1. For the protein assembly as shown, give the magnitude of the charge dipole about the Cα centre (Cβ charges: +1 Lys/Arg, -1 Asp/Glu; no others), in debye to the nearest 20.
2. Towards the positive end of the charge dipole of chain B, with charges on Cβ (+1 Lys, Arg; -1 Asp, Glu), say which of B:Pro798, B:Val759, B:Leu144 has the farthest Cα.
3. Among B:His824, B:His277, which comes first, then next, by fewest other beta-carbon atoms within 10 Å?
4. Provide Rg over Rh for segment A:94-186; use the alpha carbon set for both Rg and the Kirkwood Rh (inverse mean inverse pair distance).
5. Whose amide H sits under 5 Å from the amide H of B:Ile518, counting only residues 5 or more places off or on another chain, with H placed in the peptide plane?
6. If the protein assembly as shown were replaced by its equivalent ellipsoid, with semi-axes equal to the square roots of 5 times the Cα gyration tensor eigenvalues, what would those be, largest first, whole Å?
7. What whole number of Å gives the distance from the Cα centroid of segment B:465-536 to the Cα centroid of segment B:614-677?
8. Hey, got a sec? Which trypsin sites (Lys or Arg not before Pro) in segment B:157-225 land in a DSSP loop and have at most 13 other Cβ atoms within 10 Å?
Amino acid sequence: MSASLLFKGIDEPGLNTLKVYESRGGYASMHRALRMPAEAVLDELLASGIRGRGGAGFAMGKKVSFLPKGSIDKYLVCNADESEPGTFKDRELMQKSPHMLIEGIVIAAHAGQLNHSFIYIRGEYSEQATILEAAVAEAYAAGYLGDNILGSGLTLPLVVHRGAGAYICGEETGLLDSLEGKRGNPRLKPPFPAIQGLYQGPTLINNVETLCTVPHIIAMGGDEYAKLGVETSTGTKLVSVSGHVQRPGNYEIELGTPSREIIYGLAGGPPEGREVKLWFPGGSSSPVLTAAELDLPYDFNTLAKAGSMLGSGAIIVVDDSTPVLDVALKLAKFYRHESCGKCTPCREGTNWTVKMLERIDDGSATPMDLDIMASVQDQIIGNCLCVLGDAMAMPIGSMIKRFRGEFEAHMEAAQLASSAAGSSSALAAQGAL
Amino acid sequence: MPRPERADITFSIDGREVRAPENIMLADGAKYGDIEIPVFCYEPKLGNPVGACRMCLVEIEGIPKLQTACSTPIKDGMVVHTQTARVKEAQEAVVEFLLINHPLDCPVCDKGGECPLQDISFGWGGGRSRFIEPKRHFQKPLELSPLIAIDRERCILCYRCVRFSQEISEDYQLVLLDRGAHTFVGTFDGHPYVGPFSGNIIELCPVGALTSIAYRFRARPWDIEGAGSVCTLCPAQCNTSLTVRDDRLMRVLARQHDGVDDGWLCDKGRFAYQAVHSDDRVTRPMVRDAVDGELRDATWDEALGAATELLEAAGDRVAGLAGSGATNEEGLLLGRLLRDGLGSPDLDSRPRGAVDPDELRRLAAPDLQASVADLEFAHGVLVLDCEPIDEAPILDLRIRKGVRRNGVRLAVATSRPSALDPIAQASARFAPGHVVPFLEALSAALSESTDGEDFDRLAQAAGTPPEDLRALAGALRGEEIVVVYGERVWDGAGAAWLLELAGRLAVAAVDGAGLLGIPDGTNGRGLREVGVLPNAGPGLAQAPAGRDSPGIAEGLANGELSVVYLLSCDPIRTHPDQQAWEAGLAAADGVIAHTMLLTEGIRAHASVVFPAEAAAEKEGTLTHPDGRIQRLRPAIGRPDDVRAEWDVLCEVSRRLGHDLGLASARACSSEVFASVAFYAGLTLEELGGRGVRWPTRDAAAALPQAPQASRPPPPSGPRSNALGSPGGRLLLGSFRSIWAAPEVEVSPALKFLTREQRVEISPADASTLGLRQDEDVLVFSDGDRRVRCRVEIRNAVPVGSAFLEAGIHAGSAESLSGALVRIHRAMSPNGAGGADAMPARTGA
């Protein structure tokens, strides 16, 4: 069932400008929130039960409440480094309604009593960054950013910072290092960013979608918002559906909607005559599910219980026309390329996995290699500095588990092909004699 | 910054109840229960853990995921398991991962046998690899610098070397390049990694990726023995572990002592051991041939006979100088020989003029002494007229550590721009040679209103902008202040003004505050305390006044003195006013020298040369600038005909009819402890391998009391004209680089660091004088003394100042005299007025 909160009127021309945004009631929540005490705003966020939309699904209100009190420099960082394969919802939000994000940032900063803010946007989103910068300039001119916003006493500069295109900079601590001008490598946690983040100060890091939801929570009230969705997954969620579907794109749904309704109902399902073979429910780093799990309600807890995760809310559908090995290899190569190299299991494990998958493809692997590969994934999961290693190991591990037969068949076929090629070239060599 | 106090807590590890200090990292805490948790990237010396290698994963009850022991502080009641199947599996996995790209070329690797990767693979690894793909390849080995070879295939990317460069030496040269499985260590700009501390990364490397080029393929761990020692190449006296193979020194490693060096070494200490086995070393006695005037080899009997003859003939017209490397024992014996044996009071261990002995006694007061560790925890540190990175390099690292980790406020007050300026809260420059007016102005800034004209005048007299002085005083607020100063501050009335400053900062009353003076030479403090002074005897006791160093030079030149006894000292190389010493040594009837290397002064002037021991061969004691008495023990035997200095000094004394009755090095040490009142009761056993700070012992009360000091006299002499450069003349300051040492010159590994003289001037003066960077110039001082060098334009040099390097082989700053210099192009563009032409006076 589709719902409309963030995407309500999203396609209205000129919504990216302050004038149109305000004419549609934009910034009303900010006006309202700034008149409320910070604690009251925080209470609304807590009541809403909203969980982070970036991937980890941590309750946003709780994150804000972890920030230490006191008048020290505290930072808000919006994670707009949307680099999880299959995820493109934040792009649409920033491109079409940048002021919604700015409004959310100001309200969240008020709730957490934060006095510096940054949007870290991935370098590839050049057009969106330009739009954001224009919107930020408008907001400054209108007095919605900068010193003493609307006489509330809240002072909040906002800087749009463009990343240089590394997946790891979407990991919150890698993002902070990158924002500080260092090599984007994840940091050891604890300390968590809420205690020691940007420039060693307390830092609230939230995803674009999460912050964009904040004005709506204030507008409708936290309790009212919590009525949307299901108990542990409140509200609406933007879902990016891609892959083998007839109508790929972003859809806003109420959490708890059956997955089949999203894939078949909204996105039109796979092309005529093909069946869903597997699907990633929450971006390329979520363990894959099969057609048998299409009826699962799409919410945080159900998907976790099914052995996967909601992640960034990016559904990637793979139909029966594609060999699972191709999916695995593409995926593993991506994570090998994006591994920062700081911790051992990720650096070596992603590299090793790609090499093993390549051997399956060229026919030089044996079924034992599948066992080794599965065990390597187990050696990665949970043992890395950040979750990048897990992001490869979990889906690859799930593919080996669920599609072992197909891997073995692929292996055998490749072996036959290579020995045939080998014997024919041997014959050719004999012929030459 | 108070030192962290940690209460003990109880936690359980592998079923054992263990008590350990709260909040230390589990990797360290486990050791309290005799349990070893394997680590690669963890090294507490490098600061906060990074958790990169994942070798130290352990299971902690109540936490679902395995945790890295390197980054988990221990808490009361924590229950830890390091031996469960889950932990074992993770450890084997990490070892397997680490080895998939490691070449396993242990049989040809220098690290083999002392390699943590080998040990951990053996102890915690699964024993076999399932990896059959080709490994990562790099070109190897490459020269990371002339001292260090890098083998990137062996590297396990533990980050230690990079963290050292980024967070310890703060040279920011080493970085990780590329990413993922292609990551490799290199320098930021692709240039060699050269810095005063680069060698430490060799020791930090847990595999054979970084190896010492000097040590490469020289020995295997089973060929060598280690010997604890102390480095004698500068006053920092870092603790070392010498690697010996077949009675030859092969390598120097750090021997961690938190009270001295924090486990680091500079490259001079690490590589200049090569001087010990240098072909240039003097290994036989020599006497100057009466016929051709050249030094020739002699027997000990001849040499001792010649020396005795010279001394007997000179009687009390003998002077003695002890050089920086001499031990306390040698210093004491030199004093005995001169004062008791020959009746001469003329001896000194300091290159500049004498300091009032009462000031020395006040400065030695136990409650004024700061320890090295105090630098790390003080509220504020003032670096006064010294450059730690050159004069006691390891203190530079300690100061950086305090600033970086404990928020120590650093104030730097020097003439020459300091390497510490970038991390200092306040930096002030004063005109070269104007430390006394500067101290007067700083005292005023710390105590009085700094708004008035009076204050501005005081600041101006020092050549310091008044606002810089105010900022400096601001940085020195707080209770625990440590003042690190170069002993040259004592010149003139400096010692009195330094005591005045100590009073203003109230350092005597506070634990963790105090003064830390860096002497000119390694054992400057010890030699002073055993009485190698013109005006005080052993233990700074009363003694008949004699000539100080400049007085000795003069006395030799004018014939009042006839013979000079040089104990490991070449004044031509180390003392100011080279010309006076040239004249003095040339006029002397005899120059008796103990030396390891024939430096220029010895080569030209010595009548008798006794081959001296290297530090690695010596037995004796040294006194660290913070009062720590440390022990030198022989690691190798003496080569050829070398005899111990103490033995030779005793023999000379005996031949002069004054038997000291000392038959061993140990007896000499006992004699030192018996003669210096505040060393009383010490034994070599008490010193052990870590040394003892005498100011913390009860015997410290025996330090002779000086009468109450009166307010120091206002600075005498001409006030500074530093703010201008009259007649194009600049005030000359000199500095001694870390590399300015004869040992560096003869160590092949360090050859590349010997630098040519450069005169550092400000851009403004360069433009006034029409000089360009690297231009060939002559620097003239009084008379026709000159130094030929190149121009180095430094933005940070104040207008009106010029700096030259001292202590170097050729064109040293000591060859000039007088405060002001003129700089002229060596060759004028049209070819007129060549290098030897006298300068025309440049317009004012």
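1. Details: 125 positive and 166 negative charges, 360 e Å.
Computed about the Cα centre, the dipole is about 1740 debye.
2. Farthest along the dipole direction, towards plus: B:Leu144.
3. Numbers: B:His824 22, B:His277 16.
So the ranking, lowest neighbour count to highest, is B:His277, B:His824.
4. Details: Rg = 13.7 Å, Rh = 13.8 Å.
Over the Cα atoms of segment A:94-186, Rg/Rh equals 0.99.
5. Distant-sequence amide H within range of B:Ile518: B:Tyr485, B:Gly486, B:Glu487.
6. Details: eigenvalues 925, 279, 160 Å².
Ellipsoid semi-axes (Å, largest first): 68, 37, 28.
7. 30
8. On the way: sites: B:Arg160, B:Arg163, B:Arg179, B:Arg216, B:Arg218; in loops: B:Arg179, B:Arg216, B:Arg218.
Counting only loop positions with at most 13 other Cβ atoms within 10 Å, the trypsin sites (Lys or Arg not before Pro) in segment B:157-225 are B:Arg216.
Only the coordinates and a few stated rules stand behind these numbers; no lab work does. As the structure is a computational prediction, the values presented were derived from the model and not from experiment. A quick note on method: Cβ atoms are made from the backbone with ideal geometry, for glycine too, and the neighbour counts reach across all protein chains shown.
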